Amino acid sequence: MSMLTPPGMGGKYRITGDKYPRMRRPRNRRRTILAVAASIVALGLAGWGTLQLIDVFTGGGKRTTAAGRGQGCARPAAASAPPRAALPEPGKIKVNVYNATPRSGLAKSTADELKKRGFAIGEIGNAPKEYDKKVKGSGVLLGSPRAVAGALPVLGTQLKGAPRKTDTRKGAEVDLILGTAFKKLDTKKDADRALAVLAEPAPAPSSKC
């Protein structure tokens, strides 16, 4: 009986040949799965730690880039709008009211309404010859060149859309010449709103990076 013959089997189950079966222990699948999972977790932690170290030593690339861009854009500490030229108050504007229409009494009633709204009233009467029956719109505002940025815009809030013209006068008074399409002044509510918008400061220039 060969030495490789298992005990108790006699010679009936004798192993022959030069290859012999190996006696292996059954694999533990649970341990294998746990080992693979542990390896994956360890690799993940190692990668995360590497990224953190890179971020620490580089100072945070994205944050640094954003900060660098912010430093390259010069912005004012406070967005202050440049003030507009001071507009005269209605009480400091002397208005001459002239009627260029065939309707009588129009200049007087319009002057009375302007007076209620705080304007100083000068002359009241018919329009000069060069304008009489020749103003097709609702009216014309007339003044000196220096009134373009002051008295004329303020008076213009009372009659929206009226064109503004200048002449060679030296005085500070302005003229309101009523045209054939004139019906009445704008409502006081609309005129006050337009005056408030006119007095608002100019918008501050935008700063782009």
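The values are calculated or read from the model by the stated rules, or taken from the named source; none is laboratory data. Quick caveat, the model's predicted, so the values are computed rather than measured. As a convention, Cβ positions derive from the backbone with ideal geometry for all residues, glycine included, and neighbour counts pool all protein chains shown. When the accessible area is computed, the model is the full protein with side chains, heavy atoms only, and any ligands, DNA or RNA have been set aside. Shrake-Rupley method; radii C 1.70, N 1.55, O 1.52, S 1.80 Å.
Restricting to lysine pairs 8 or more places apart or on different chains, what number in region 142-190 have Cα atoms under 14 Å apart? The result is 4. Taken about its Cα centre, region 104-209 carries a charge dipole of roughly 200 debye when the Cβ of each Lys and Arg holds +1 and the Cβ of each Asp and Glu holds -1. Local charge for Gly91 was computed over the other residues whose Cβ lies under 13 Å away, with Lys and Arg +1 and Asp and Glu -1, and equals +4.
Amide H to amide H, with H built 1.01 Å from N, Gly179 comes under 5 Å of Gly139, Val140, counting only residues 5 or more places away or on other chains. Backbone amide hydrogens, once placed in the peptide plane, bring Asn126 within less than 5 Å of Asn99, excluding anything fewer than 5 places away on its chain.
Ranking of Ser109, Ser104 by solvent-accessible surface, largest first: Ser104, Ser109 (1.4 Å probe, protein heavy atoms only, all chains present). Stretching the chain fully between Asn126 and Ala196 yields a gain of 22.0 nm (0.36 nm per residue, less the alpha carbon separation). Applying a DSSP loop filter and a limit of 10 other Cβ atoms within 10 Å to the GluC sites (Glu not before Pro) in region 116-209 leaves Glu130. The calculated FRET efficiency for the pair Arg169 and Lys116, based on their C-beta separation and a Förster distance of 22 Å, comes to about 0.25.
Phi-derived couplings, Karplus 6.51 cos²θ - 1.76 cosθ + 1.60 at θ = phi - 60°, listed residue by residue for region 93-98: 10, 8, 10, 8, 10, 10 Hz, with x used for Gly and Pro.
Taking N as the number of residues in region 93-204, what is its Cα Rg relative to 2.2 N^0.38 Å? It would help to have the intermediate numbers written out before the result.
On the way: Rg = 13.5 Å, N = 112, 2.2 N^0.38 = 13.2 Å.
For region 93-204, the normalised Cα radius of gyration comes out at 1.02.
Straight-line cross-link reach from Lys136 at under 20 Å between alpha-carbon atoms covers these aspartates and glutamates, not counting any fewer than eight positions away in the same chain: Asp167, Asp175, Asp186.
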